[in-house]
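Trainee: The structure is given below, and queries will be raised subsequently.
Since every read-out is calculated from the coordinates, none of them should be taken as a lab result. Model, not experiment: these values are computed from the prediction. Cβ placement follows ideal geometry from the backbone for every residue including glycine, while neighbour counts extend to all protein chains displayed.
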Amino acid sequence: MFALIPRSLVTNVSSRSAVSLSGQKATVQEAVKWLIDSKKDYHTVSGDTITPSKVMGIDHLRDPRLNKGLAFTLEERQALGIHGLQPARFKTQEEQLELCRISVMRYQENLNKYLYMTELHDRNEKLFFRLLSENIEMLMPIVYTPTVGLACQRFGLIYRRPRGLFITINDRGHVYDVLKNWPESDVRAIVVTDGERILGLGDLGACGMGIPVGKLALYTALAGIKPHHCLPIVLDVGTNNQTLLEDPLYVGLRQKRLSGPEYDSFVDEFMQAAVKRYGQNVLIQFEDFGNHNAFRYLDKYRGVYCTFNDDIQGTAGVAVSGLLASARVTGKKISENKFLFLGAGEAAIGIADLCVKAMQVEGLSLEEARGKIWMMDIDGLLAKGRPEGKLDGHKAYYAKEHKPVKDLASVVNEVKPSVLIGASAASGAFTPEILKSMASFNDRPIIFALSNPTDRAECTAEQAYNNTDGRCIFSSGSPFPPVTYKGTTFYPGQGNNAYIFPGVALGVILARIHHIKEELFLLAAQAVADHVNDSDIQKGSLYPPLSCIRECSVDIATRILDYSYQEGIATVYPEPQDKKAYVMQHLYNYNYESALPTTWPWPNAPEIKTRPIEPTKLMA
Ligand SMILES: NC(=O)C1=CN([C@@H]2O[C@H](COP(=O)(O)OP(=O)(O)OC[C@H]3O[C@@H](n4cnc5c(N)ncnc54)[C@H](OP(=O)(O)O)[C@@H]3O)[C@@H](O)[C@H]2O)C=CC1
Ligand SMILES: CC(=O)C(=O)O
Ligand SMILES: [Mg+2]
């Protein structure tokens, strides 16, 4: 009888003294080595005969992890049993990449480019990641903000193949069983959302899955974390978005969002199940939860699990990095600035808290540091005793003895901040009048419009430069094209947590840190700032080019390893002596490897006729 067995179980046949491998006699040890080398996932076993499954032949084309398309050589096509299943042409990965670049650029609509990338991800994983990694500036806006926002909004319409795990409240009591359905057993990182605050687009329920998928694509493309170590998850607890509830295309649970103790116990069960399934070191990144849950869960879980909240902590890292780099333009330390935030939510409070930490490192007391930060929420200035708007949680730290003020322009004129940061999703809130005011009392005003996606930004890059006489230092959460003002072209940097979370995750995973300390984000901020060079600054950017994020991620991870061994929070022993080499050694390789076992051809195997592969011209 034939049976399909996983490669990991092939060693079960070791009790046999000899086997027949694809018709060739071999010792068990040789056969096992061949099978392991062959990187096949399944083999048929019949009696003492182990045969690479014929069914799995075609699965080399169907499985995105194994598929190389026309890049399979003649030897591989014959050895894997896929000869004849593709056209005769052989291509290099470089030729395939060129075709992909041409194909993706042929689409006019960004959503179609997104769909092309999704289809490529589903078809050929290595090609997808190499394409993305080598074309970050062109493709990050497609797989990530802003296009991913649109993809989430159209999720029901564009949904074709599943990616990630959807765990609903109906799975309560069985969350672990659902996790067991995920086909990978060695998951090291989970990005989870409940879809309540997707970018600045609000509650998108289960359609929020695009975000964990996009974030984890960046884990691999920007930090070399292996794709099979990554798991995107949506906790579907319903949605309060009435439009979605009435949308026949909505694919999530069609009911109001669960809240209160039942919701909490569901999230508790998820956390416990994740650790039971993948071990206590599994990294769990919270993404785009509603404000009221984000802070609570960070406080509740950070000392118990290996977890962080990207919107609070990752965003803080990237903003502080920009502020550190801004010193090269303004000559001011962070503590020599006065800050005004529009927004007092996850991103704004996260940034403010990390700025305070940075200012303390620069020598300020906690009170002095908090005193330099002014904040506004939907009810206006955080002023003690204001009649409207609670000052709960961290908001209270930044509330000032001040009369209530509602409008941003008045606060700007009164406070005269040197740094204006928007994390409110209030598009256009930085009006020309406000920008002009910033330029009237600052030589080089710092303006961060961090809200995503693009149409939620507090101002555009063009508005910022035009209304500050080209003197502002600008960055935004989603990318803006270069702006030419009075003959000078500015290339604004992207103040997005994508500079931070992939590198932090890489460092945490490699050091196997149990709990993620705040210091890691300060350290990551410093690392990214160190990668900014004079030409970046001259071009108008506080960040290194997107094409350098991989280097930043490796540097962040290396510094995290150094720090975690110094602090005794790393749990991998023996301690790697050369930390950077250790990081490099563990990066995902998106180049194709031979699909042939190293020992191929098997002794006495029929000779494979080969012919030279002729270099062919790329498409025009
Ligand atoms: N660039 C980046 O890397 C990141 C960008 N972001 C972006 O930041 C934005 C906010 O995210 P997040 O902080 O998580 O969301 P939250 O919901 O936690 O916070 C939003 C904050 O903005 C305030 N707010 C809303 N509307 C207005 C308004 N008209 N005027 C003044 N304040 C207003 C809210 O007030 P109240 O408290 O009263 O409700 C709240 O304090 C989103 O667009 C998100 O995409 C987020 C993370 C990373
Ligand atoms: C970038 C990001 O995490 C956000 O906008 O939510
Ligand atoms: Mg987010």
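Trainee: Taking the simple approach of a point 7 Å from Cα along Cα-to-Cβ for both R89 and K338, what is their distance in nm?
Mentor: Simple spin-label model gives 6.5 nm for this pair.
Trainee: Aspartates and glutamates within cross-link reach of K91: Cα-Cα under 19 Å, excluding same-chain residues under 8 positions apart?
Mentor: Cross-link targets: D63, E75, E76, E125, E134, E593, E614.
Trainee: What does the charge count around D469 come to, taking other residues whose C-beta lies under 14 Å from its C-beta (Lys +1, Arg +1, Asp -1, Glu -1)?
Mentor: Working: positive: K436, R444, R471, K486; negative: D443, E462.
Neighbourhood net charge equals +2.
Trainee: Count charges around L546 for me, please; just the other residues with Cβ under 14 Å from its Cβ, Lys/Arg as +1, Asp/Glu as -1. Don't skip to the answer; put the middle values down first.
Mentor: On the way: positive: K539, R550; negative: E134, E137, D536, E551.
Within the 14 Å Cβ shell, the charges total -2.
Trainee: Taking GluC sites (Glu not before Pro) as exposed when DSSP calls them loop (any state but H, G, I, E, B) and at most 10 other Cβ atoms lie within 10 Å, what is the longest stretch of the chain free of them, the sites themselves excluded? Mind showing how you got there, number by number?
Mentor: On the way: sites that count: E109, E246, E388, E401, E593, E607.
Answer - 402-592.
Trainee: Test of the criteria: in the range 480-562, which trypsin sites (Lys or Arg not before Pro) are in a DSSP loop and have at most 10 other Cβ atoms within 10 angstrom of their Cβ? Write out the running numbers ahead of the final one.
Mentor: Working: sites: K486, R512, K517, K539, R550, R559; in loops: K486, R512, K517.
Of the trypsin sites (Lys or Arg not before Pro), the ones in loops of the range 480-562 whose Cβ has at most 10 other Cβ atoms within 10 Å are K486.
Trainee: Hey, another quick one. Tell me what the chain gives for mean residue ellipticity at 222 nm when only DSSP H runs of n ≥ 4 count, each as -39,500 (n - 2.57), the sum divided by the residue total, rounded to 500 deg cm²/dmol.
Mentor: On the way: 26 runs with 256 residues, N = 620.
Calculated from helices alone, the mean residue ellipticity at 222 nm is -12000 deg cm²/dmol.
Trainee: What net charge do the residues around V405 carry, taking every other residue with its C-beta under 11 Å from that of V405, with Lys and Arg at +1 and Asp and Glu at -1? Let's see the in-between values first.
Mentor: Details: positive: R386, K400, K403, K406; negative: D379, D407, E414.
Result for the local shell: +1.
Trainee: Can I ask one more? Going 7 Å from the Cα of D177 toward and past its Cβ, which residues in the range 212-248 have a backbone nitrogen under 11 Å from where you end up?
Mentor: The answer is none, because no backbone nitrogen lies closer than 11 Å to the label point.
Trainee: Let me ask something additional. Translational D (Stokes-Einstein, µm²/s) of the range 411-556 at 37 °C and 0.692 mPa s when Rh comes from the Kirkwood sum over C-alpha pairs?
Mentor: Rounded to a whole number, D works out at 204 µm²/s.
Trainee: Treat the count of other C-beta atoms within 10 Å as a stand-in for reagent exposure and order T220, T168, T571 from fewest to most.
Mentor: Numbers: T220 23, T168 19, T571 12.
Placing the least packed residue first, the sequence is T571, T168, T220.
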